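Each remark here refers to the structure printed beneath this line.
The values are calculated or read from the model by the stated rules, or taken from the named source; none is laboratory data. For clarity, every value in this text was computed on a predicted model and none was experimentally measured. Ideal geometry is used to build each Cβ from the backbone, glycine not excepted, and the neighbour counts take in all protein chains shown.
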Amino acid sequence: MSQISIYYHDPVEVDPLTSWTGLCTPLRRATRIDIATVKIRAITELFSYARPDVVISVDGRPVVSIEQTAMNPSGHNIPQRFSFQVRAAEMNVPSILYYPEKSRRTFSDPNVRYLNTRVPLAQKRLSQIYNVPALSSFWPIDSRKLPDTKPSSQKRMADLVSAFVNYSDPTVDIFSLSEVKLALAEMDRTVSMYSERLRKNVSVRKYFKAGISTSETSKGDRIDPPNGAQLEKTSDFIAKLGIDFKGAEAKAIEKKFRGRPYTLVFTGTANKAKSDSEHPWPGYLSLFDILYCRSGCAQSERNINLVYRLPVSSSNFLERINKKPTPPTATHIVDTFADLLILNGGIVAGKPMRGSIDACRI
């Protein structure tokens, strides 16, 4: 009999009496383990960007990585979590982001907030690139327009997780599972319903009249990045910044960077300490990469350059990037996904450009 383990961040979230796990038949005999204590590399490798809330393994092999939140889905609440799904895809592990497609913000605010449709679009793009499911599953809401916390309402999530736990035949296409098909159909439904709420990005439409092709919906519309991200001609971007690439390594970076005609520049917000990014932006940066820039599995495989602008000291940030054995999480994510980082006092090449060598100012 297979050994099933549930690694959890909060025991309440996987309590069979209070969560969807109680409806998951294969999890009834599972061992529950605090995710912070795990030492198994196949599991800990999933934590490289943002650590998920739940990982389920069968005989030591992770079969699904999960992030879940009952927060309302507006703004940055959901995109900020996207990097955990990128890491799962890189590890060939299915992933689920479980959240309401719409809900009220608070009891005092009766207005319903709706999901950011860039999330399911980016998940579908991620699934295509890596050929592994990266899905949304939508948390039902109750008559008060708040997330329904009754375990009995969580059956669709339970069925989806059960499908991944039970999946064992490598000759069967995992995308052919009925539960995966249903999740993808639901993602398409929400994109169709809510995409009209998003404005066009003038900087994108200046160069791509119909929008960027990788962001196309099932209806044929294309969803632009928010106005916090601006598309520029790469030649204009370099000229405006006055970057002077000196030395062999810098020249190699320049050649690669100039090889892509366009550059997407995203401006993040510094944290209170002015040492790193505020929480939402690293995850959002990984979403922009997948949805608008990426052409293949490696971060270096892009059609469009990705640049991250952050108002923090370049000296302090460089210390964080080069910290051994691993940088702080937010620093690591933006360094992993950005081609260039524009900081106060200098410009740094991210890992997609410089590879594994230590970071320094260009």
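Filtering the range 196-225 to residues that are surrounded by fewer than 18 Cβ atoms within 10 Å (Cβ to Cβ) and in contact (Cβ under 8 Å) with a residue 60 or more places away in the chain leaves ARG197, LEU198, THR217. The set of residues from the range 323-358 being surrounded by 14 or more Cβ atoms within 10 Å (Cβ to Cβ) and more than 24 Å from the chain's Cα centre (by Cα) comprises ASN344, GLY346, ILE347. Selection within the range 56-112: residues that are among the aliphatic types (A, V, I, L, M) and part of a strand (DSSP E or B). The member of this set that is nearest to ILE4 (Cα to Cα) is VAL58. Only a single criterion out of (1) at pLDDT 95 or above; (2) surrounded by fewer than 18 Cβ atoms within 10 Å (Cβ to Cβ); (3) over 22 Å from SER300 (Cβ atoms); (4) charged (D, E, K, R) is not satisfied by ARG258, namely (3). Restricted to the range 188-306, the set of helices (runs of 4 or more DSSP H) holding at least 3 residues that are in the same structural domain as VAL334 (by TED's automatic domain parsing), over 16 Å from LYS124 (Cα atoms) and among the basic types (Lys, Arg) comprises 248-258. A residue that is within 24 Å of LEU135 (Cβ to Cβ), touching a residue at least 24 places away in the same chain (Cβ under 8 Å), in contact with a helix residue (DSSP H, G or I) (Cβ under 9 Å, 6 or more places away or on another chain) and not small (Gly, Ala, Ser) can be found somewhere in the range 267-279.
May I ask you to say which residue of GLU278, GLU301 is modelled with pLDDT of 95 or more, among the acidic types (Asp, Glu) and surrounded by fewer than 18 Cβ atoms within 10 Å (Cβ to Cβ)? Every option except GLU301 fails the conditions.
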